[in-house]
1. Could you please find all residues in region B:99-128 being modelled with pLDDT of 95 or more and either acidic (Asp, Glu) or closer than 10 Å to B:GLY85 by Cα (or both)?
2. Based on this model, can you work out whether A:ASP51 counts as in contact with a helix residue (DSSP H, G or I) (Cβ under 9 Å, 6 or more places away or on another chain), surrounded by fewer than 16 Cβ atoms within 10 Å (Cβ to Cβ) and part of a helix (DSSP H, G or I)?
3. Please enumerate the residues belonging to region B:40-69 that are touching a Phe, Trp or Tyr at 6+ places or on another chain (Cβ under 8 Å) and more than 8 Å from chain A (Cβ to nearest Cβ).
4. Limited to region A:173-222, what total is found for residues that are open to solvent by 40 Å² or more (accessible area, probe 1.4 Å), within 13 Å of ligand 1 (Cβ to nearest atom) and of a type in the set (S, T, N, Q)?
5. Looking only at region B:145-172, count how many residues are within 13 Å of another protein chain (Cβ to nearest Cβ) and under 9 Å from the mean Cα position of the chain (by Cα).
6. Take region B:238-269 and flag every residue that is touching a strand residue (DSSP E or B) at 6+ places or on another chain (Cβ under 7 Å), more than 13 Å from chain A (Cβ to nearest Cβ) and open to solvent by less than 40 Å² (accessible area, probe 1.4 Å).
7. State yes or no: is B:ASP30 of a type in the set (D, E, K, R), open to solvent by 30 Å² or more (accessible area, probe 1.4 Å) and more than 9 Å from chain A (Cβ to nearest Cβ)?
8. Given the criterion farther than 24 Å from A:CYS128 by Cα, modelled with pLDDT of 95 or more and more than 20 Å from the chain's Cα centre (by Cα), identify the matching residue among A:ILE215, A:ILE219.
Amino acid sequence: MLSQVVARFEIPYVQVLDENGNVVNPDLVPGLSDDDLRELMKRMVFTRIWDQRAIRLSRQGRLGFYAPVSGQEASMIGSEFATKKEDFLLPGYRDIPQLYFHGYPLHQLFLYSRGHQLGGKVPEGVHCMVPQIIIGAQIVQAAGVGLAFKLRGEKRVAVTYTGDGGTSQGDFYEGMNFAGAMNLPVVFFVQNNQYAISVPRELQTRAQTLAQKAIAAGIPGVQVDGMDVLAVYHVMHEAVERARNGEGPTMIEAVTFRYGPHTMSGDDPTRYRTKDVQEEWEKKDPLIRFRKFLEEKGLWSEAEEQADIEEAKEIVNNALKEADAAEKMTIPGLIDTMFEELTPTLKRQRAEFAGEEAN
Amino acid sequence: MAQMTMIQAITHALDLELARDERVLVFGEDVGKNGGVFRATEGLQQKYGPNRVFDTPLAESGIIGLANGLAIQGFRPVPEIQFFGFVFEAFDQIAGQLARTRYRTGGRYTAPVTIRSPFGGGVHTPEMHADSLEGLFVQTPGIKVVIPSTPYDAKGLLLSAIRDPDPVIFLEHMKLYRSFRQEVPEDDYTIPLGVANVVREGKHVTVIAYGAMVHVALKAAEQWSKEKGLEAEVIDLRTVNPIDIDTIVASIKKTNRAIVVQEAQRSAGAAAEIIAQINENAIYYLEAPVLRATPPDTVYPFGMIEDEWLPTPEYVLATLDKVMSL
Ligand SMILES: Cc1ncc(C[n+]2csc(CCOP(=O)(O)OP(=O)(O)O)c2C)c(N)n1
Ligand SMILES: [Mg+2]
């Protein structure tokens with residue numbers, strides 16, 4: 001016996017370019033300069049090249065842990081492009097491209113992958129946390145970073161990334177709910193790439209969209225075509241600026257797909273998805289779509305892209321050399337980073353492991 | 001100087017530190033307007049405003065995650081877990097996140113967070129309120145664990161904890177909150193973390209304890225002296241991670257015998273670690289094995305049998321007699 005409706009919610013879906021690069025939503029085309037548009041393409045090309053190179057290095061045993069990113073370029077690049085340098089990113093393990101374009105040196109990202117402590121030593125002036133391995137843990141921390149900005153009256157935004165699987169964690173709701181309750185400048189960016197390792201999106205939740213999970217926390221939730229870099233930029237820009245202006249957090253679900261395996265540690269996607277599914281998604285490819293759009297505007301040429309590819313390869317090669325040259329870690333060195341001042345117990349252990357004492 | 005209970009000493013320390021360092025933030029469930037369920041934060045929100053002392057939504061992982069984010073941004077958060085039995089909800093944010101922040105980032109970020117939390121048996125709380133879970137964090141690298149046994153120590157240790165550049169878990173035994181008063185100076189003083197306190201001198205057996213068990217051990221020691229004319233030296237550990245093994249060894253060199261009194265279940269906790277370190281550092285001074293006076297390895301008991309389960313002075317006396325007879 002329903003007597004009245006007390007609340008009603010809608011989840012918008014945003015697309016600017018269709019699969020062929022045609023503008024389907026002229027009102028939402030971001031006001032980016034030609035240079036910015038070219039830059040977006042260049043960054044997506046870089047990301048694709050980096051991914052191919054990283055996968056090859058990984059197969060050769062020259063990288064450690066690596067989670068491929070191809071297919072997700074628009075989500076990653078478009079969202080980071082809408083942030084400012086002083087905004088603070090709290091990424092997951094797959095979000096290496098965003099970190100790189102936020103200023104994290106590439107050779108350190110290689111070191112992170114290889115398992116070197118220097119990989120996690122965020123340089124001064126780069127505003128981010130190290131990639132998180134525990135699914136969802138960074139999401140509650142993002143609320144803390146947002147609260148710090150709010151308390152200090154800084155016009156900065158905390159941006160945290162997670163995946164479709166991550167939205168099932170309690171921390172995902174806790175983070176959004178804290179940010180909502182305290183009206184914090186935080187953007188929760190979910191890359192729904194359809195799988196959490198092998199588990200498909202439908203098995204994560206009965207909810208029709210992931211974006212609607214924001215509703216329960218009282219914050220706006222938006223779904224965006226995650227293969228459309230202009231749409232991603234548009235929704236992210238709105239969310240980030242809303243947050244910056246004190247209007248509170250937003251959750252964004254970017255609908256995307258990873259072409260490669262979950263990680264390079266033995267995942268075989270043919271065990272959980274068909275070739276047909278993969279091919280359907282490849283038709284939506286973010287690079288092809290945006291290339292067509294740029295070409296139409298006279299902002300793309302084969303030669304330019306070839307030059308970008310060569311530049312990308314060189315950057316990756318140089319970073320690799322720098323990573324190879326990193327000083328070896330030592331056990332006493334690890335002990336030194338446990339506390340600002342070592343406890344007596346650790347001092348003894350340090351001496352022991354430095355071979356300075358028998359016991 | 002003023003006579004204070006432990007809870008008053010804690011409130012007083014928080015007050016001093018909120019006034020001294022504007023990076024200090026105090027928050028948790030019910031800590032704002034209500035001043036905490038035990039009134040540990042009584043009056044602090046009125047005094048420092050809701051930006052410094054505030055209520056959070058009811059989610060422990062969220063509370064510690066919030067603290068972690070604030071800490072890497074330069075604040076000194078002092079979050080409260082309403083009862084330490086709820087720490088399991090925040091286990092990753094403490095052991096998986098806070099305690100690793102410095103290590104993970106090669107020292108670029110630190111987590112000067114002090115987690116305050118009531119715990120401890122004998123007050124007939126519902127399940128998951130009284131458990132002694134400090135042992136879990138004795139095995140957690142990168143975090144310190146402090147357990148005061150007196151109002152004076154509570155203030156000095158809490159000020160040290162908040163000023164420490166690394167994360168600290170500060171556990172407040174509920175039974176000690178209001179059980180007695182002590183002279184507590186109004187001015188600023190600290191007690192260094194990781195330094196034990198010899199609270200009773202003696203030459204026959206070293207008794208190592210912390211938290212409420214310090215008082216149980218002291219009671220037993222007095223009775224032992226009266227009945228048997230034997231003198232136990234009682235060490236209040238004050239910090240269980242790291243353990244002040246030097247003070248323990250110095251005492252054992254004198255007594256040649258030791259027992260550990262622990263409120264937590266027997267296996268693999270602080271007592272086990274204390275005994276392992278005694279083994280490494282003082283075994284040739286021992287004339288008998290080190291014994292443990294602890295409850296058995298059961299889940300924390302139901303309220304109606306709690307007092308029987310917790311170590312009593314009689315149990316400690318029996319353990320003293322036993323270690324003397326070996
Ligand atoms: C707390 C936790 N549980 C499980 C894992 C193991 N694990 C690593 S990645 C992953 C799937 C994550 O999927 P999703 O959130 O969709 O992100 P994606 O990898 O697709 O980018 C799982 C189960 C983990 N790292 N952390
Ligand atoms: Mg996924």
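1. Once the filter is applied, which keeps residues that are modelled with pLDDT of 95 or more and either acidic (Asp, Glu) or closer than 10 Å to B:GLY85 by Cα (or both), region B:99-128 yields B:SER117, B:PRO118, B:PHE119, B:GLY120.
2. Criteria not met by A:ASP51.
3. Selection gives B:GLN45, B:VAL53, B:PHE54, B:ASP55, B:GLU60, B:ILE63.
4. Count: 2.
5. Final tally of qualifying residues: 2.
6. B:ARG238, B:SER251, B:ILE252, B:THR255, B:ARG257, B:ALA258, B:ILE259, B:VAL260, B:VAL261, B:GLN262
7. yes
8. A:ILE215 is the lone residue from the list that is farther than 24 Å from A:CYS128 by Cα, modelled with pLDDT of 95 or more and more than 20 Å from the chain's Cα centre (by Cα).
The values are calculated or read from the model by the stated rules, or taken from the named source; none is laboratory data. All of these numbers come straight from a predicted model, not from anything done at the bench. Every residue, glycine among them, receives a Cβ derived from its backbone with ideal geometry; neighbour counts consider all protein chains shown. Please note that ligands, DNA and RNA were not included when accessible areas were found on the heavy atoms of the full protein model with its side chains. Shrake-Rupley method; radii C 1.70, N 1.55, O 1.52, S 1.80 Å.
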